[in-house]
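First up is the structure itself, then whatever we jot down about it.
The values are calculated or read from the model by the stated rules, or taken from the named source; none is laboratory data. Note that the coordinates shown come from a computational prediction; the quantities given were computed from them, not determined experimentally. As a convention, Cβ positions derive from the backbone with ideal geometry for all residues, glycine included, and neighbour counts pool all protein chains shown. For the accessible areas, the whole protein counts, side chains as well, though only heavy atoms, and no ligand, DNA or RNA atoms are used. Shrake-Rupley method; radii C 1.70, N 1.55, O 1.52, S 1.80 Å.
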Amino acid sequence: MTKLTEEKINNILKSGEFLNLYEKYKKNIDIDKLSNFFDDIETNKNYFRLNIKKSNKFFNKNKDTLTIKNINANINKCTDDNYNELIITIVNDITKNEHLINLIMENILEKCILHQTYIHIYVKIIEEIHKNINIKRILNNTLNKYHKFIFEGNHEKSDNKYENLCNENKKTDNMIGYLMLITYLDKNNIVKERINELLKNIMENILEKENDEIFKLLNCIQNICKVSKDYIINYIDIIKQLKDKKYNSKVRCKVMDIEDLL
């Protein structure tokens, strides 16, 4: 068996014969469909040992593992003060390791949802990456995965009331984080036409929902308003109807909090 070096492989990939055959191949298949198939494959984060703690004595750190950890470390260090300094290093490391882009984007989007205080910084990082790499398909596919998990996932209830309460609160926090993320992405012209559909679904039959469910949705709306009030202008009249006394005081107070932001 002939062993090909990295240099030989690169020469083959750049050769006219290979490029001509590849162009013929592309005409016979649906490239977008194939790309979506690969993008939809669940990323195995443990492959890079990101979540496994071991003694450094026995820890076999490969190049990709160290690259991902280094990129994540720099993203975690980002603040409003040092952003301009770190973003150059972050983008440079990502563009040199484009084969890791799926995992990197999943990590950044997850940070956006879980750590809402810094979401504006993470979205700026996404925006800068997008200037150098076309990540629109990866973004949309990953957002679809998170939407399905947060809004459509069936979370079984246990006999432990405290555990159920924690799970409900976590779900609400994830909904808020996801909607804030979508709002920022829309506002920054990165991913368009998602926020309006989400708001439409939230506001659908909101007046007929239970008080607890209404309160959760109003929390989401309030946080969207903190990003931009423009997105809820068409729903203000419906929101004001929730001040009716047939809704509990918690709901009515939340409506007033939203009105203060308008």
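Screening 202, 176, 138 for residues that are free of Cβ contacts under 8 Å to residues at least 60 places away in the same chain and part of a helix (DSSP H, G or I) leaves exactly one candidate, 202.
For the range 62-79, a tally of residues being within 20 Å of the chain's Cα centre (by Cα) and either acidic (Asp, Glu) or open to solvent by less than 20 Å² (accessible area, probe 1.4 Å) (or both) returns 5.
The single condition among (1) at pLDDT 90 or above; (2) acidic (Asp, Glu); (3) under 20 Å from residue 110 (Cβ atoms); (4) open to solvent by 50 Å² or more (accessible area, probe 1.4 Å) that residue 186 does not meet is (4).
Of the residues 246, 254, 250, 240, the single one that is touching a Phe, Trp or Tyr at 6+ places or on another chain (Cβ under 8 Å) and more than 30 Å from residue 144 (Cβ to Cβ) is 250. Only residues that are in a loop (DSSP other than H, G, I, E, B), open to solvent by less than 80 Å² (accessible area, probe 1.4 Å) and not small (Gly, Ala, Ser) were counted in the range 205-243, giving 1.
When you check residue 114 against the structure, is it under 11 Å from the mean Cα position of the chain (by Cα) and surrounded by fewer than 15 Cβ atoms within 10 Å (Cβ to Cβ), yes or no? Yes.
Checked against (1) in a helix (DSSP H, G or I); (2) crowded, with 19+ Cβ neighbours inside 10 Å; (3) modelled with pLDDT under 90; (4) not aromatic (Phe, Trp, Tyr), residue 191 meets all criteria but (1).
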